[in-house]
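Worksheet for the structure shown next.
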Amino acid sequence: MLPSPVDADNHSVDIMSKSESPKALVFESKSSISIFSGDGPADHLNNILTGDVSKLADGGRVDALVCDSNGRVRDVLSCFGIGDEIIVLGIYENMADTRSLLTAGIPWNKDLVLYDGNDALRHFMIHGEEAMELIKLLYPEIGEFPDNKFVSIGDVIVSKNSISHGRHIDIIYRSDDDSFMSRILENSVDVGAYEEWEVVRMQSRFPSAKEVDGTHLPSDIGLGELVSLNKGCYPGQEIHARLDSRGSEKKHIVTITSYEPIALGKSRLEGGLAIEVTSATEFGDRHIALAVAPKQISKGPVLTSIGQEYEIA
Amino acid sequence: MGILGGGGFTLPVVSEVEVVDVSIDMTDAARSALSASMGGDEDTHVLLISAQSGGCSGYMYDMAIVEAPDASGFQIIEIDKIRVFIHNKDSVMLNGIRVDYKDSLMGGGFQIENPNASKSCGCGQSFS
């Protein structure tokens with residue numbers, strides 16, 4: 001069996017933290033950040049997203065998907081209720097399409113404006129088994145908070161991603177406020193580089209724009225929990241409802257490691273099953289990748305049709 | 001102050017939607033049905049056609065006979081003395097539509113064929 005790559009949960013490679021820091025890593029995320037302001041932004045978003053945003057209140061958080069009418073995922077959005085406004089985090093590479101979609105369908109008689117918050121706000125992530133412990137190290141005054149809420153500490157908002165079971169925390173703050181970075185420095189917590197985040201997210205099966213490219217169903221890339229089948233119509237709802245009623249989710253996302261480079265795109269395994277490698281990178285003397293694979297592929301070592309050894313986790 | 005409050009905190013608006021000159025077509029059946037629905041109120045009322053986010057395909061049509069709103073921001077198309085209002089915001093999505101009317105008990109009523117739609121929902125009210 002191939003050894004495990006860098007793992008924020010198990011802290012097998014100490015790339016971020018010093019001394020006895022919690023088993024979690026800090027990264028800056030280059031996200032798309034938008035702010036919806038005006039006449040009923042929650043109702044408007046609710047017509048578009050796969051999750052129920054209609055009751056998003058001040059201090060609340062809802063994670064949901066933007067899908068096309070064929071049910072394929074186009075973006076993953078996190079919505080934060082701030083008074084009458086909503087901060088919308090999305091995947092940076094998908095920003096133009098998503099913003100176009102969000103603004104094109106605003107009713108003519110609604111005074112609803114979408115603002116670009118990319119320069120004004122910054123987004124950091126804490127990822128790992130002990131993400132909560134690390135945020136408490138940075139903010140000892142913080143208490144427990146549920147997945148669908150955020151806490152504000154001054155101008156910094158802190159909240160948990162709703163599908164990572166407390167292992168992924170988002171921090172959003174104003175670019176003109178240096179209090180978060182001050183706490184990072186005071187506690188000697190390093191901020192990981194993009195290359196390190198790529199390895200960590202592949203280990204955690206955390207999708208990026210490479211998976212969220214408009215070709216995969218939510219369940220294919222581990223985002224099925226963000227689909228509500230009882231909230232009413234949204235683009236892709238018919239497809240998702242049909243898949244659910246037929247119980248026909250055939251694929252899921254897996255992590256692959258190998259000592260040999262892992263090629264992007266479709267490849268066939270010994271035995272005939274095909275996988276689609278969506279992300280791949282090098283780590284030390286090994287390679288790690290994410291792939292959309294048939295559910296019948298079991299964990300463990302497999303050979304590709306050309307004799308390459310993959311370890312599927 | 002709050003994350004979105006305070007002085008000196010301004011945000012750029014995401015660009016406005018594209019605007020085109022709208023033309024629409026209306027079948028004879030739709031003209032007759034619309035005229036009957038107007039009930040002689042053509043001087044004070046208009047047909048307002050709009051599109052907004054919603055439905056299974058992304059956008060939903062809305063057609064309503066309403067008292068003439070403030071015309072600013074609207075394009076006005078006159079068909080048989082009936083004024084059709086389409087807002088500039090919806091001009092790209094609704095340019096070139098054909099309004100028809102089907103007189104049947106099931107699935108009848110006004111229907112819109114849209115050359116800009118790549119896909120329509122089974123009910124005909126939603127498109128993408």
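Farthest towards the positive end of the charge dipole of chain A, among the residues A:Pro41, A:Ser248, A:Leu77, is the Cα of A:Ser248, using unit charges on the Cβ of Lys, Arg, Asp and Glu. Applying the Karplus relation 6.51 cos²θ - 1.76 cosθ + 1.60 with θ = phi - 60° to the stretch A:99-106 yields 3J(HN,Hα) values of 5, 4, 5, 5, 8, 5, x, 6 Hz, where x marks Gly and Pro. For the listed residue pairs B:Lys89/B:Lys119; A:Lys136/A:Lys299; A:Lys23/A:Lys210; A:Lys210/B:Lys119; A:Lys149/B:Lys119, the alpha carbons are over 32 angstrom apart in A:Lys136/A:Lys299; A:Lys149/B:Lys119. 3J(HN,Hα) along the stretch A:194-201, derived from phi through the Karplus expression 6.51 cos²θ - 1.76 cosθ + 1.60 where θ = phi - 60°, amounts to 4, 5, 6, 4, 4, 5, 4, 5 Hz, with x in place of Gly and Pro.
Between 0 and 90 degrees, rounded to the nearest ten: what's the tilt of helix B:28-38 against the longest Cα principal axis of chain B? Between helix and principal axis, roughly 70 degrees.
Among B:Ile86, A:Ile297, the ranking by other beta carbons within 10 Å of each residue's beta carbon, starting with the fewest, stands as A:Ile297, B:Ile86.
Determine the sum of side-chain charges near A:Glu85: Lys and Arg each +1, Asp and Glu each -1, restricted to other residues whose C-beta is under 15 angstrom from that of A:Glu85. Counting the neighbours of A:Glu85, the net charge comes to -4. Rounded to the nearest 500 deg cm²/dmol, what is the calculated helix-only ellipticity per residue at 222 nm for the protein assembly as shown, with -39500 (n - 2.57) per DSSP H run of length n ≥ 4? Taken over the protein assembly as shown, the calculation gives -4000 deg cm²/dmol.
3J(HN,Hα) along the stretch B:112-118: 10, 9, 10, x, 7, 7, 8 Hz, from the Karplus curve 6.51 cos²θ - 1.76 cosθ + 1.60 with θ = phi - 60°, whole Hz, x for Gly and Pro. Net charge in the neighbourhood of A:Val113 (other residues with Cβ under 14 Å of its Cβ; Lys, Arg +1, Asp, Glu -1) is -3.
Among B:Arg83, A:Arg242, what is the fewest-to-most ranking by other Cβ atoms within 10 Å? Show your work: numbers first, answer last.
Numbers: B:Arg83 17, A:Arg242 11.
If I rank by nearby Cβ atoms, fewest first, I get A:Arg242, B:Arg83.
Going from the fewest other Cβ atoms within 10 Å to the most, the residues A:Tyr139, B:Tyr59 appear in the order A:Tyr139, B:Tyr59. Taking chain A as a Gaussian network of alpha-carbon nodes connected by springs under 10 Å, the highest mean-square fluctuation of the residues A:Gly117, A:Gly83, A:Gly284 belongs to A:Gly284.
Charges were assigned to the Cβ only: +1 to each Lys and Arg, -1 to each Asp and Glu. The resulting dipole of the protein assembly as shown about its Cα centre is roughly 1200 debye.
For the stretch A:218-307, applying the loop criterion from DSSP together with a ceiling of 16 other beta carbons within 10 Å to the GluC sites (Glu not before Pro) yields A:Glu249, A:Glu270. According to the Kirkwood relation over distinct C-alpha pairs, the hydrodynamic radius of the protein assembly as shown is 24.2 Å.
Taken together, the values in this text are just the output of simple stated rules run on the coordinates, not laboratory data. Since the model is a prediction, treat every value here as computed from it, not as a measurement. In this analysis, Cβ positions are derived from the backbone assuming ideal geometry, glycine residues included, and neighbour counts consider all displayed protein chains.
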